[in-house]
Structure formats: C-alpha cells, structure tokens
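For reference, the structure discussed in these notes is given below.
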Amino acid sequence: MKILHLSDYSLPDWRIEKCARSALNRGYRICFAGLPSWSNNNTFPEEYNLDWTPRARRAFPYYWYCVKKQVKKMLIEFRPDVVHAHNIFSAKMMSEFDVPFVYDDHEYWPSYVEIQIESYRLALANSIVSKYNARNLIRRLLLRILNHRYSQLALKWEKELVSSTPTITVSDSIASELKRLGGTKVFILPNFPMKKEIENLEPPKFHKELSSVYAGVEPPNSMKIVHRNMDGLVDIFNHNNDVGSLTIMGIDDSIANSSHYSRGGSCMVTYRGFLQRHLMYQEMQNSSVGIVPFRRHWSHAYSSPNKAYEYAHAGLIVMCTSSFVTVKKILNDHCITFEDYDDLISNLNYCKYNIEKIYEKRKSAYDYAKENLIWEKYEQNIFDAYKIA
C-alpha cells in the first residue's frame, strides 16, 4: 500500500510522523507533501513541497488553484492508494479529487479558528487600535471580514468533511463534537508516545529537592495565543521560595527575554531550548513535576496536549488547569489540577514539603503510563479508517 501524508504545514510534526512510522512498521510505502521541512526529516524517504500560503488556506480562488495544481501533479507521480490528510485545508483539498482519503483532525477546527480570531482581536486591542486613525480602522475592519470568512469556511468544511469522510481525531471530547456535526465514521487516536520512544526510560529516581519542568514551543512572533496564556509563570518561581525550581524546554533565552516573560528575582528558572526527543525525556526525568501551565480557557475542553502524557512516561506528576478535562480523565489520580496560579503555588508548596509522597505518586504515574498511554494501543484505528476510505 502507498500512503501519502498531506499537510498544509511543515515537518517536524510528531503526530504525522507517528502515523507514518506505524505504516512503515507494516511494510507500507509512505510519502509526505506539505511546506518545506525546517529540520532534518528522518521519517519520510520521499517528500514533495507545496506552496501553501495563508491566502491559499483561506481558499482565495487563485491561491487555492495554485496549490491544487501542485497536488494534482504530485498525485499523478506518486499514485497513492490512500491519502492521509492532516487538518482541514488538506482534507478539503483532497475532497476535490477522486482519490480515497481520511481526514486527521489534529484540532477541533471550529474551536481552533475561534482561538485565532480571539488572539488577533487581543493583538489589535493592544497595538493597532491604540491610535484611532483612518488607516488603523480600515485595517481592523478588513481583518474582521477576513476572520469572519475564515470562521465560516472552517465550520462549513468541518461539517462537510466529517459527514462524508472517515475522520481521525485525538480525544473523546472532540469525537463527540464531530458526531454532533454529522460524523458517522470517527476514530480516536490519542497523542500518546510510541513504544520505541519510552522503552528505555528508567523508573523515576528520588529527588531531594522539588523541581518542575515545562516542555513547549512558543511562536517566534510576539502575538500571544489566548489559550496558551502563561503570563506570570516565571514569576512564580523567581519570587517564591517554597515552589522549587523550573526548567523550560523548547524556549531559548532570546524568546525568554521577550515581553512574554519576566526574568527578575532569583535565578530559579533554566531555559534549555529545543531538544531532540530522547534528550527531552532525559531532561524531564531530572524533575518531579510536569506542568501544563496555560491559564484556564474555554477551548481546553477540546485540547489534549501530548506533553502531559510524556510527563507521565518520564515519571512526573502532571499539573494542569481543571479546564483540561481530557487530560484529567485520562490520567486520573496521576494528574493534579489547579484553578489559577495561586492554586498552582499551593500545589507546588505541598509537593515541596511532601517529597516522599510525591515520589510514590511519580512511580505510580510511570507504571500507569507504560501500561496504558501507548500509541500502538490505538494505531489500528488508522488502518481501519484507511479500509473504509
């Protein structure tokens, strides 16, 4: 079987690569098509570059046609048996060809679009409309029109796709919404690690001092994404003696020095930048607590961040806001929730002065993850979706 993974973004994308590796393990031939990769591609032996632009993703006819022309040429050359279309634009594109495909909905798209619009509105309120001249007002109006188009297209396409196409998604909560939109062939594939990632991880070691870790990548621009708001996180550790230290992976000093962060106070925060996955797990195991630090947001009900499950495999206690209902449901007692940052401080304070109890919980989380939070337990859903495409 030949499988084409189609995306409107670039590699690396670990979910795409895990799907591809599942196919490779079964002897299938795979190919990736999307924006040019910004790091070495160790998964796909064949790769096509597509000129996806923001205007193409908003389906402006000329730009959409340009991408469609490239996709058509690629389909003729590779001749896939099935296309694994990642996210809504790629799936919509494939719906215009007579080729079997499945729709992998990495996000609940109506929610995702509303997040983007909310973030843009916040950015406008903080900058563009600070001066009420005609140019800024026109720019604000145009952006509102474009965002409305974006939102309407996303909701329309989501309904069309899930009602006609085998759809793969990341959680029960999103699956329920997709079924409400008319989806009858919905498969769940959680963002759990693959066995090979975690098979060499040793059981957690006892730490005398409390330390926490956050693994994440911040966008290179200055616009804040509202559902990833962690303003004040660094201050918690720099200005409180009873919460231990914090290591942040995926963020280097250049980003840390931006306006998103405060570097004052004692040096209790360390930035490790981007790490390869095996080094990421090693760094995680130097801490006792893994934090998903985003302040409460309505969209978290449709979010299932893979870092939470990576923390558990590394033998960490997971902390996140109670708005991450899927994470709490999956991790059960291995997850501690908080309502706000004052609550987070209280939780960390408890951990610091109950380090032996936390160690027992860490060992339990490690065992639970190794038994339950494995990609391969769900990967058959990929191939079941292929069969009915």
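The values are calculated or read from the model by the stated rules, or taken from the named source; none is laboratory data. Only a predicted model underlies this, so the values are computations on that prediction, with no experimental measurement involved. FYI the Cβ positions are ideal-geometry reconstructions off the backbone, even for glycines, and counts take in every protein chain you see.
Descriptive notes on the structure:
- Residues in the range 184-215 that are surrounded by 19 or more Cβ atoms within 10 Å (Cβ to Cβ) and either among the β-branched types (V, I, T) or touching a Lys or Arg at 6+ places or on another chain (Cβ under 7 Å) (or both): V186, N191, E197, I198, P204, L210, V213, A215.
- L331 falls short on exactly one of the conditions (1) under 23 Å from V269 (Cα atoms); (2) crowded, with 23+ Cβ neighbours inside 10 Å; (3) of a type outside the set (F, W, Y); (4) free of Cβ contacts under 8 Å to residues at least 60 places away in the same chain, and that condition is (1).
- Scan the range 293-304 for residues that are in contact (Cβ under 8 Å) with a residue 60 or more places away in the chain and touching a strand residue (DSSP E or B) at 6+ places or on another chain (Cβ under 6 Å) and the total you get is 1.
Here's the yes/no breakdown for (1) modelled with pLDDT of 90 or more; (2) over 24 Å from T321 (Cβ atoms); (3) of a type in the set (K, R); (4) touching a Gly at 6+ places or on another chain (Cβ under 7 Å):
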| site | (1), (2), (3), (4) |
| --- | --- |
| K205 | yes, yes, yes, no |
| K208 | yes, yes, yes, no |
| S211 | yes, no, no, yes |
| Y214 | yes, no, no, no |
| I225 | no, no, no, no |
| V234 | yes, no, no, no |
| D242 | yes, no, no, no |
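- Number of positions in the range 362-376 that are surrounded by fewer than 20 Cβ atoms within 10 Å (Cβ to Cβ) and more than 12 Å from Y309 (Cβ to Cβ): 5
- Restricting attention to the range 43-98 and to residues that are assigned to a loop (DSSP other than H, G, I, E, B), of a type in the set (D, E) and without any contact (Cβ under 8 Å) to a residue 60 or more places away in the chain, the residue that is farthest from F383 (Cα to Cα) turns out to be D51.
- Condition check for L24: modelled with pLDDT of 95 or more and in contact with a Pro (Cβ under 6 Å, 6 or more places away or on another chain): no
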